[in-house]
Amino acid sequence: MRTIRLLTIGNSFADNALTYLEPIADSGGRVRFDVGRANLGGCSLEKHWNLAEYSAQHPEYKTYTLGRTPDGEPIQANLQDALRARPWDVVTLQQVSHRSWRAATFEPYLGRLIAQVRELAPQASILLHQTWAYRSDSPFLPENGLTQESMHQRIRNAYRQYAASYGCGLLPSGEAIRSARMTPGHTFRWPEEDCGYRLAAAPSLPKQEHSLAVGWYWAIRETGDGVPELRLDANHLNARGNYLVGCVWYETIAEDPTGADPFVPACLDAADAAFLRRLAHETVAP
């Protein structure tokens with residue numbers, strides 16, 4: 001069985017993509033992944049670089065939890081440690097989602113991080129992780145003069161521009177998410193006519209049919225007074241989205257289609273999982 005050593009330098013969107021990657025690979029029986037995570041929630045390219053500059057001067061500072069030992073102990077590392085930790089085959093980079101649609105925010109930090117990867121892990125292929133637009137009910141969109149489609153197009157253009165400039169490959173997660181959202185019979189619609197949203201009482205939720213994002217959920221213990229509060233996460237992926245993107249990453253990195261008896265998360269319907277795998281395959285190998 002072939003082992004692919006994969007290091008992600010990212011944030012929670014990289015964690016979304018990694019959710020099911022290893023079991024997807026294991027079910028095929030041809031490839032396994034050895035994964036290291038230099039991820040921090042909400043971390044931009046600028047922050048990754050600033051942390052790398054600091055740890056270059058203060059190597060005792062450990063920025064990331066790269067993984068865990070067989071005994072479950074966390075493996076702490078800064079970026080320099082992480083890049084030297086193993087002979088990585090693939091290293092991924094991405095901008096934080098709320099800046100991904102603004103190409104100017106990538107630089108000069110992306111170029112500096114790519115140079116660091118090429119210096120300390122010269123054997124690794126670098127892939128840029130093209131992220132996805134927020135769900136159509138995200139308040140971020142109108143607040144920034146965007147629609148879901150315009151956010152997607154600007155993200156796509158930014159990642160393609162920098163992949164071409166630096167000779168990197170692309171992980172087309174955002175393309176697969178857009179394809180799923182636009183497939184007839186699989187589109188997410190809002191608002192739902194029979195849902196009161198802010199007037200709802202816990203634990204009642206909108207149906208959110210065909211959603212690929214977490215969407216509406218109830219926060220209870222997370223609130224200051226323990227009173228249930230209906231909240232919206234239109235950014236991060238739910239199980240459907242994680243599975244779709246996991247299949248995209250598997251097929252792109254392993255250059256291998258998902259197997260005849262693929263892994264399917266227990267929370268997904270088999271037919272829906274097959275639909276998501278087909279979209280992933282069509283996105284990677286159109």
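The values are calculated or read from the model by the stated rules, or taken from the named source; none is laboratory data. Remember, predicted model here, so these are calculated numbers, not experimental data. No Cβ is skipped: glycine too gets one built from the backbone with ideal geometry, and neighbour counts run over all protein chains shown.
Here are a few things to note about the model shown:
- Out of Thr223, Thr187, one residue alone is closer than 15 Å to Asp272 by Cβ and surrounded by fewer than 19 Cβ atoms within 10 Å (Cβ to Cβ). It is Thr187.
- For segment 135-180, the tally of residues that are aromatic (Phe, Trp, Tyr) and surrounded by fewer than 18 Cβ atoms within 10 Å (Cβ to Cβ) stands at 2.
- Residue pairs whose Cβ atoms lie under 7 Å apart, separated by 6 or more positions or on different chains, with the first residue in segment 57-79 and farther than 17 Å from Val117 by Cα and the second in a loop (DSSP other than H, G, I, E, B) and of a type in the set (Ser, Thr, Tyr), are Ile75/Thr69.
- Among all positions in segment 148-164, there is no residue which is in a loop (DSSP other than H, G, I, E, B), in contact with a helix residue (DSSP H, G or I) (Cβ under 7 Å, 6 or more places away or on another chain) and among the hydroxyl-bearing types (Ser, Thr, Tyr).
- Every listed requirement among (1) under 13 Å from Leu113 (Cα atoms); (2) surrounded by fewer than 17 Cβ atoms within 10 Å (Cβ to Cβ) is met by Asp26 save one, (1).
- Any hit, segment 239-261, residues being closer than 22 Å to Leu128 by Cα, loosely packed, with under 14 Cβ neighbours inside 10 Å and either without any contact (Cβ under 8 Å) to a residue 12 or more places away in the chain or not hydroxyl-bearing (Ser, Thr, Tyr) (or both): yes
- Among the candidates Thr283, Thr252, residue that is out of contact with any Asp or Glu (no Cβ under 8 Å at 6 or more places or on another chain), assigned to a helix (DSSP H, G or I) and closer than 23 Å to Ile126 by Cβ: Thr252
- Note on segment 206-216: residues that are modelled with pLDDT of 95 or more and either in a loop (DSSP other than H, G, I, E, B) or surrounded by fewer than 17 Cβ atoms within 10 Å (Cβ to Cβ) (or both) amount to 5.
- No other residue among Thr131, Thr105 is assigned to a helix (DSSP H, G or I), at pLDDT 95 or above and either at negative phi or in contact with an Asp or Glu (Cβ under 6 Å, 6 or more places away or on another chain) (or both) apart from Thr105.
- Residues in segment 63-83 that are of a type outside the set (Val, Ile, Thr), in contact with a helix residue (DSSP H, G or I) (Cβ under 7 Å, 6 or more places away or on another chain) and either part of a loop (DSSP other than H, G, I, E, B) or more than 23 Å from Ala124 (Cβ to Cβ) (or both): Asn78 alone.
- Where a residue in segment 21-34 is over 21 Å from Gly241 (Cα atoms) and its partner, wherever it lies, is among the small types (Gly, Ala, Ser) and surrounded by fewer than 18 Cβ atoms within 10 Å (Cβ to Cβ), with Cβ under 8 Å and at least six apart: Gly29/Gly259; Arg30/Gly259
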